[in-house]
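Let me give you the structure first, and then I'll get to my questions.
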Amino acid sequence: MSNLAIVILNYNGKHFLERFLPSVVKHSEGHDVYIADNSSGDDSIEFVRKSFPEVKLILLDKNYGFCEGYNRSLQQINSNFYLLLNSDVEVTKHWIGPLLRLFEHDPQIAVVQPKILSFNHKDQFEYAGAAGGFIDKFGYPFCRGRIFDDLETDSGQYDSVEEIFWATGACMLVRADVFHKMGGLDKLFFAHMEEIDLCWRLKNAGFKVMYCPESKVYHVGGGTLPKNNPKKVFFNHRNSLFMLVKNLPSGQLFYKLFIRMALDFPAAFFYALKGYPMNFFMVIKAHFHLYYYFFHYLLLRKNNPTSSKKMKGYYSKSIIWKYYMKKIKVFSRL
């Protein structure tokens with residue numbers, strides 16, 4: 001058994017592997033590096049075999065998406081820790097050590113993420129993860145360093161180790177036994193929001209999710225689907241609703257879900273007004289999927305108990321109100 005396995009899920013990402021795999025191999029600090037391939041149609045695997053023979057390959061028979069792709073791949077890796085890493089991430093020297101050291105101090109820590117900066121704007125936080133994920137009372141995620149589309153410049157304002165609500169799937173280190181105990185990522189999500197759901201389930205079970213600023217990586221972001229891609233809009237809206245049904249405490253579930261669903265409709269019309277009519281229909285489609293799977297997720301709650309305890313990283317107010325009505329665009333002002 002290895003102590004840590006770095007696992008990069010790939011789907012037609014040769015251009016990213018060419019650019020970013022060298023930094024991962026160079027700074028892997030003796031740990032095993034895996035490419036888990038979702039049956040790519042390009043020559044990603046041929047490139048890896050030829051250029052990086054030391055990298056281990058896991059070849060899946062079809063595209064299982066982010067969630068099930070990782071689930072199936074990690075079942076084949078015998079390691080104490082999994083470091084899930086996007087293919088469009090540039091890592092830095094000694095990025096792994098600080099992450100691992102956090103686990104030594106507290107057995108309740110299940111997940112740790114580094115500081116995520118933008119590859120294209122190196123002094124700016126990156127959308128997916130920034131300095132650690134938070135969530136508001138209606139299930140809207142945001143980050144220290146990023147509220148919706150407003151990104152902060154990194155000036156050291158988030159250079160303390162903190163417990164957070166969720167860690168980004170772009171770069172997260174997770175205890176292998178806990179990952180499997182929790183059932184891994186929810187395959188019905190396919191992609192998007194799955195890491196928030198996993199972290200919420202972990203916190204419901206009493207585990208901690210941490211942010212480690214001593215480790216730093218640079219993320220391109222939007223490498224698979226651009227921001228306003230209809231599929232991305234669909235997955236984000238649908239999976240956010242799924243996540244609420246799975247994880248909200250019983251006394252809060254129905255009224256918060258109702259409010260969140262009501263808030264989705266202005267968002268749908270906003271897409272249409274901005275010239276994205278297909279995204280309007282994607283929001284509606286997301287709600288129909290919720291109705292279809294609603295009782296499936298209600299039944300799952302019996303085996304995955306929720307918690308009404310106040311959790312670190314949970315914002316008890318509405319980030320929508322603060323951002324759009326109060327015009328608060330910086331995390332420190334919340």
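Laboratory data are not the source of any read-out in this text; all were calculated from the coordinates shown. As the structure is a computational prediction, the values presented were derived from the model and not from experiment. In this analysis, Cβ positions are derived from the backbone assuming ideal geometry, glycine residues included, and neighbour counts consider all displayed protein chains.
Round to the nearest 10 and give me the degree value, 0 to 90, for the angle of helix 230-247's Cα axis relative to the longest principal axis of the chain.
Between the helix axis and the principal axis of the chain, the angle is about 80 degrees.
For the chain, find the longest principal axis of its Cα atoms and tell me its angle to the long axis of helix 194-204, 0 to 90°, nearest 10.
Value to nearest ten degrees: 80.
Let me ask something else about it. Under the Kirkwood approximation for Rh and a Cα-based Rg, what ratio Rg/Rh is obtained for segment 230-310?
Rg/Rh: 1.03.
What are the semi-axes of the equivalent ellipsoid of segment 7-54, taken as the square roots of 5 times the eigenvalues of the Cα gyration tensor, listed largest first and rounded to whole Å?
18, 11, 9
Quick one, which of (1) 53, 41, 41; (2) 66, 46, 43; (3) 76, 63, 35 is the actual Cα extents along the principal axes in Å calculated for this model?
Here the calculated entry is (1).
Another question about this same structure. Using helices alone, I'd like the mean residue ellipticity at 222 nm for the chain: each DSSP H run of four-plus residues gives -39500 (n - 2.57), total over residue count, nearest 500.
After summing the helix terms and dividing by the residues of the chain, the value is -12000 deg cm²/dmol.
Also, I was wondering about something else. Please compare each pair in Lys232/Lys256; Lys93/Lys327; Lys14/Lys312 to a cut-off of 29 Å on the Cα-Cα distance and tell me which ones are over it.
Exceeds cut-off: Lys93/Lys327; Lys14/Lys312.
On full extension of the chain, what length is gained from Asn120 through His94, given 0.36 nm per residue of separation minus the C-alpha to C-alpha distance?
Contour length minus Cα-Cα distance gives 7.2 nm.
Take segment 1-87, compute every pairwise Cα distance, and split them into 5 Å bins from 0; I just need the percent in each bin.
3, 15, 30, 27, 18, 7, 1
Among all the lysines, which ones have a C-alpha under 19 Å from Lys302's C-alpha, if same-chain residues fewer than 8 places away are not counted?
Candidates past the 8-residue exclusion: Lys181, Lys187, Lys203, Lys246.
With just the Cα atoms of segment 52-156, tell me how far they stretch along each of the three principal axes, in Å, largest first.
39, 34, 33
Given a Förster distance of 22 angstrom, what is the FRET efficiency for Ser39 paired with Ser2, based on the Cβ-Cβ distance and rounded to 0.05? Don't skip to the answer; put the middle values down first.
Details: r = 25 Å, r/R0 = 1.15.
The calculated FRET efficiency here is 0.30.
If we count every other residue with Cβ under 14 angstrom of Phe138's Cβ, Lys/Arg +1 and Asp/Glu -1, where does the sum land?
In short, +3.
Could I ask something else about it? Give the Kirkwood hydrodynamic radius (Å, one decimal) of segment 101-177, defined as one over the mean of 1/r across all pairs of different Cα atoms.
Value: 13.1 Å, from the Cα pair sum.
Right, here's the next one. For Lys26, go through the aspartates and glutamates and keep the ones whose alpha-carbon is under 17 Å away, minus same-chain ones fewer than eight residues off.
Filter leaves Glu18, Glu54, Asp88, Glu90.
Kindly provide the trypsin sites (Lys or Arg not before Pro) of segment 240-277 that DSSP labels as loop, not H, G, I, E or B, and whose Cβ sees at most 15 other Cβ atoms within 10 Å.
In loop regions of segment 240-277 (DSSP not H, G, I, E or B), the sparsely surrounded trypsin sites (Lys or Arg not before Pro) are Lys274.
Among Gln76, Gln252, Gln108, whose mean-square fluctuation peaks in a Gaussian network model of the chain (Cα, cutoff 10 Å)?
Evaluated over the chain, the most mobile residue of the options is Gln76.
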